[in-house]
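The values are calculated or read from the model by the stated rules, or taken from the named source; none is laboratory data. A quick note: this is a predicted structure, and the numbers were derived from the prediction, not measured. With ideal geometry, Cβ positions are generated from the backbone for all residues, glycine too; neighbour counts draw on all protein chains shown.
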Amino acid sequence: MCELVTDEMVTRGALEARSWGVVSKHGEWTDSEAQQQCARDILEAAAPLIAAKVLRDMASELRRLDDGRTGGYYDAGRHIINRLDARADRIDNR
């Protein structure tokens, strides 16, 4: 299971699929377990892309705030920005 997908996400996804009347490839849903699995599969496919975008958005916002000063906290902030970008790259390259 993708570590980015929680049980709450799966439950909400399954409820949303049900509200849209989504059916499985075999026809109507026969049980909520099928809905849960469908929601989990969809979320596991999308969650890494969403997480990578959030990390990149965070890095971009912090980069925008960088005023060019150096030393201590400023250098640490740039290090954090680089780590956010690197983590997003790792997620994208899975």
For the stretch 72-87, what are the residues that are aliphatic (A, V, I, L, M) and surrounded by 11 or more Cβ atoms within 10 Å (Cβ to Cβ)?
-> I80, I81, L84, A86
From the option list A59, A52, A86, single residue qualifying as touching an Asp or Glu at 6+ places or on another chain (Cβ under 6 Å) and at pLDDT 95 or above is A59
Condition test on R40, is it of a type outside the set (D, E), under 29 Å from E8 (Cα atoms), at pLDDT 80 or above and within 23 Å of the chain's Cα centre (by Cα)?
-> yes
